[in-house]
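Structure first, commentary second.
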Amino acid sequence: MNHLAHVFLAPDSAEARVGSILGDFTRGVELSALPGEVHRGVRHHFAVDTFTDRHPEVLESKRLFSERRRRFAGVALDILYDHFLLKNWHTFSDRDCDWFIRRTYRELRENRHLMPPQMARVTDRMIDHDWFGAYQDLDNIGQALDRVAARVRFPNRFDGIIDEIQAHGPELEQRFLRFFSDLQSIAKEF
């Protein structure tokens, strides 16, 4: 899962939502030293990722990608799933999407002191460039994936993966809807 889905599913506190993103930035972080709710959010992040990586709909979605790009499929799906969450927001939430995004950005700014430096830099960019709002447009998903592919440290041919996403878009979305419904139900138990 990517950042929006993690904060959406996180336990309902600002600190847990910070922790739900911090789960991607734990290298060098002493987890036991984190405040309780932040630590809870990190644990929740890990549980969501484990559930996601094993879900049959996610595994089948990865198989839709060509051999050339399959190694990158998990990353692509993580970011694409934020797009599908935004597109189908009212299926999963009674709250207004724009309100949720504004609140999340405000909480991230107010709790910057809880973040390791790399996370603080990324969340600053996230807020300044409105990543969550941008993920509503599939073209922006393609650009984000190309940027991530360019940062991969080994030679790859992952760029242009959006073409495969578009070719399988309806199936990927239907698989997401079934998967995310399961995830949302079980995430309350993490």
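Taken over segment 65-81, the residue count meeting the criterion of being surrounded by 20 or more Cβ atoms within 10 Å (Cβ to Cβ) and β-branched (Val, Ile, Thr) is 1. Within segment 178-186, does at least one residue satisfy the condition of being surrounded by 12 or more Cβ atoms within 10 Å (Cβ to Cβ), in contact with a Ser or Thr (Cβ under 6 Å, 6 or more places away or on another chain) and not in a loop (DSSP other than H, G, I, E, B)? No, segment 178-186 has no match at all.
Residue count for segment 143-177 under the criterion of being in a loop (DSSP other than H, G, I, E, B), of a type outside the set (S, T, N, Q), in contact (Cβ under 8 Å) with a residue 40 or more places away in the chain and surrounded by 13 or more Cβ atoms within 10 Å (Cβ to Cβ): the result is 3. The one condition from (1) surrounded by fewer than 21 Cβ atoms within 10 Å (Cβ to Cβ); (2) of a type in the set (A, V, I, L, M, F, W, C); (3) closer than 20 Å to Met126 by Cβ that Ala47 does not meet is (3). Checked against (1) of a type in the set (Phe, Trp, Tyr); (2) in a helix (DSSP H, G or I); (3) farther than 19 Å from Leu9 by Cβ, Phe100 passes all but condition (3).
Considering every residue within segment 2-16, establish whether at least one is outside any helix (DSSP H, G or I) and in contact with a Gly (Cβ under 6 Å, 6 or more places away or on another chain). Yes - at least one qualifying residue is present in segment 2-16. Pairs meeting the criteria (first residue in segment 10-28 and surrounded by 17 or more Cβ atoms within 10 Å (Cβ to Cβ), second residue of a type in the set (Asp, Glu), beta carbons under 6 Å, at least 6 apart or on different chains) are Ala14/Glu107; Glu15/Glu37; Ala16/Glu37; Arg17/Glu107. Cβ separations smaller than 6 Å between residues 6+ apart or across chains give the following pairs from segment 66-81 residues that are modelled with pLDDT under 90 to residues that are surrounded by 21 or more Cβ atoms within 10 Å (Cβ to Cβ): Arg69/Ile161.
The values are calculated or read from the model by the stated rules, or taken from the named source; none is laboratory data. Nothing here was measured: the structure is a model prediction, and the numbers come from that model. For neighbour counting, all protein chains shown are included, and Cβ atoms are generated from backbone atoms with ideal geometry for every residue, glycine included.
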